[in-house]
Amino acid sequence: MPEATLLISSKNYSSWSLRGFLLARLSGLTFEEKAVDPDHPATRAELLLQSSSIRVPCLMHDDIQVWDTLAIAEYLNELRPAAHMLPRNRAARARCRSIAGEMHSGFSALRASLPMNLRAFRPGFVVWSAARADIDRIIEIWHECLTTWQGPWLFGAHASIADAMYAPVVTRFLTYDVRLDAPCAAYCAHIMAWPDMVEWVAAAKQEPEEIEELEVEF
């Protein structure tokens, strides 16, 4: 019997749901997924970045409800310390929390200009300057981590909260044909080969729902 329930929205469009799923898998907690109605106004508002509060994903465990991906990450880290969702080294933990927080609260131009869409591919997509600045900062973060902790994950040999937080960015880079150097391309390939990512992407491609606003050719 599953220990918890994870409330998610669209697997194709919802980067936050993907983060919640990867975090739950990292923890080793057994859980069942429950999808909210993609046509519900609150769900659409979140997917279209029109909501001031993101309430999905939501983890329900022991009569406790935890939403917001960073809150879910910290809850799961406390619940399952043996999973080492944060690096063991103090300096690495501090960096992991910092870049996860930066992903959580920043990069608004990237989110708006390159929405997650796992079924799409936009070759030759033109990235405007604000989103380009976000991309450059993410590449800088990846380079710093991969150089310092030697990969293949951002903090060495094991996946962390940071990898779950940046995994949707990897999908955006692939969808919108963002050119990357060899280390970043290798990191993206590693993320996409992550069995939990493979499972999520396969399910996303089978979803029947389509949100017209997120299918527009920019």
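Do we have L118 as surrounded by 14 or more Cβ atoms within 10 Å (Cβ to Cβ) and over 25 Å from P57 (Cα atoms) here?
On the way: surrounded by 14 or more Cβ atoms within 10 Å (Cβ to Cβ): yes; over 25 Å from P57 (Cα atoms): no.
In short, no.
Out of (1) surrounded by 16 or more Cβ atoms within 10 Å (Cβ to Cβ); (2) modelled with pLDDT of 95 or more; (3) in a helix (DSSP H, G or I), the odd one out for T43 is which?
Only one criterion is unmet by T43, namely (2).
So, in region 60-92, how many residues would count as being crowded, with 16+ Cβ neighbours inside 10 Å and either in a helix (DSSP H, G or I) or of a type in the set (S, T, N, Q) (or both)?
Residues that pass the stated criteria total 11.
Any idea how many residues of region 167-182 are farther than 23 Å from A94 by Cα and part of a helix (DSSP H, G or I)?
If we filter region 167-182 for residues that are farther than 23 Å from A94 by Cα, which is where we start, we get 171-182.
Filter again for part of a helix (DSSP H, G or I), leaving 171-175, 182.
The qualifying residues number 6.
Among what's in region 10-40 and is part of a loop (DSSP other than H, G, I, E, B) and closer than 18 Å to L70 by Cβ, pick the residue that is farthest from the chain's Cα centre (by Cα). Show your work before the answer.
Going residue by residue through region 10-40, those that are part of a loop (DSSP other than H, G, I, E, B) are 10-14, 28-30, 36-40.
If we keep only those that are closer than 18 Å to L70 by Cβ as well, we get 14, 29.
On the way: S14: 9, L29: 18 Å.
Looking at residues that are part of a loop (DSSP other than H, G, I, E, B) and closer than 18 Å to L70 by Cβ, I get L29.
Could you list, in sequence order, all residues of region 129-166 that are assigned to a loop (DSSP other than H, G, I, E, B) and in contact with a strand residue (DSSP E or B) (Cβ under 7 Å, 6 or more places away or on another chain)?
In the first step, residues of region 129-166 are kept if they are assigned to a loop (DSSP other than H, G, I, E, B); the result is 150-152, 154-155, 157-160.
Result: Q150, A159, S160.
Among all residue pairs at least 6 apart or on different chains, which show Cβ distances below 7 Å where the first residue, located in region 90-114, is within 16 Å of T171 (Cβ to Cβ) and the second is among the aromatic types (F, W, Y) and part of a helix (DSSP H, G or I)?
Correct list of pairs: M103/Y166.
The values are calculated or read from the model by the stated rules, or taken from the named source; none is laboratory data. What you see is a predicted model, and the numbers here were worked out from it, not measured in a lab. For neighbour counting, all protein chains shown are included, and Cβ atoms are generated from backbone atoms with ideal geometry for every residue, glycine included.
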